[in-house]
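Please read the structure below before turning to the comments.
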Amino acid sequence: MRAKPFIIGALLSLVVIAAALAVAAASRADKYEPQAEGSYAVTAGEIENLINAGDTQAAVLKAQQLKADARLAKNSRREGSNVGIWIVCAVAVVIVNGCITYIYFSILKPFRRLEKFADKIALGDFSEALDIERGNYFGKFTWAFDSMRREIIKSRSCEREALENNKTVIASLSHDLKTPVASISAYSEALVNGLYSSTEEMYSYLDVISKKCEEIAKITGDMITHSIGELGALKMEPTHFDLVQLLESAVSESSVGGDIHFEKPLFTAPVCADENRLKQLVGNLIGNAQKYAGGKMDITLTKKSRMFAVHFRDYGQGIPDSELPFVLDKFYRGSNTDGKSGSGLGLYIVKYIAQQSGGNVVLENRDKGLEVTVTIPQDTNS
């Protein structure tokens, strides 16, 4: 495969040489120029006059000279023609082989390197870096390939780390369930056996049980969220509702401890989706703003064609542009998380809910902060 371009060059050179040989053979035919024919006629006339005058010896010498001149002129024309043909042939061979050599080293050889690199990437071998060759036609393409390799290595490393963290978190949450369950059991037994001295003490026991139940609900909710990484799916139960009312409700429930502002539109937004899951989506995005972007967020709702777009704009540091294509992936955590705890599932869940609802998610860095746009299709049956 590597020698194929040079074989083609050799074949083309042979074709050029064969053509030159054919032209040289054709040029061997006698071609007399008008000027040469005129001089030969004059000499023939002179020979005839010598014969008429009886000077046969001079006529014979003149005839021999004429024959020699004709042969010399013919050979001279033939040699001059052949030299020109072979010069053109040599130049053509050099040009053909030069072009093929240039194409091989400038295009074919770098492309084969990219092919081998792509094969290694496909087999999961990310150890070898691809040198950036800015001078050839594949400079930017080469840079993109190597950048992809580095991002895949980083993504896989984050995924392995997140998987280990996820297992640790599940084990920790499972262990944490024992404490509130033990407390509920103890206080329930005390109530059943009447081990309280007053009504106030009884209500205090009930209050403790209620708080421990809330702890269990929170822990089990966290366990469900983390288990999404293993299950890969959320159950969706679509209903008909107004997206504006849902946003108002979700913001009021999730905005404690942060500056969350929802600009209520003048229109209604009928949709058919899972109301609880969309609340979870909004809660995840607000939670991210509170955790990573200082807690300030503006939420607006726009309508275009048959889609509603919810814009979540925070005023934090944003996400590096090189990481934007990956932050919606499962277990991926950006470099700007500043060591804050997390599983890398929040934005993955946001994307999953939006897509299962018939919409999508787009992330864009602004002058200051990040804007997440979630699209949800309009309920045309309402």
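Could you please tell me which pairs satisfy a Cβ distance under 8 Å, a separation of 6+ or placement on different chains, a first residue in region 301-320 that is more than 21 Å from Lys264 (Cβ to Cβ), and a second residue that is of a type in the set (Lys, Arg) and open to solvent by 20 Å² or more (accessible area, probe 1.4 Å)?
Gly318/Arg366; Gly318/Lys368
Which number in (1) at pLDDT 90 or above; (2) surrounded by 20 or more Cβ atoms within 10 Å (Cβ to Cβ); (3) among the β-branched types (Val, Ile, Thr) marks the one condition that Thr300 misses?
Unmet for Thr300, out of (1) at pLDDT 90 or above; (2) surrounded by 20 or more Cβ atoms within 10 Å (Cβ to Cβ); (3) among the β-branched types (Val, Ile, Thr): (2).
Anything in region 71-96 that is crowded, with 16+ Cβ neighbours inside 10 Å and either modelled with pLDDT of 70 or more or within 37 Å of the chain's Cα centre (by Cα) (or both)? List them, or say none.
Cys89, Ala92, Val93, Val96
Scan region 341-379 for residues that are under 19 Å from Glu237 (Cα atoms), outside any strand (DSSP E or B) and in contact with a Cys (Cβ under 9 Å, 6 or more places away or on another chain) and jot them down.
Ser357, Gly358, Asp379
The values are calculated or read from the model by the stated rules, or taken from the named source; none is laboratory data. Everything quoted here is computed from the prediction, not taken from an experiment. Every residue, glycine among them, receives a Cβ derived from its backbone with ideal geometry; neighbour counts consider all protein chains shown. With ligands, DNA and RNA removed, areas are computed over all heavy atoms of the protein, side chains included. Shrake-Rupley method; radii C 1.70, N 1.55, O 1.52, S 1.80 Å.
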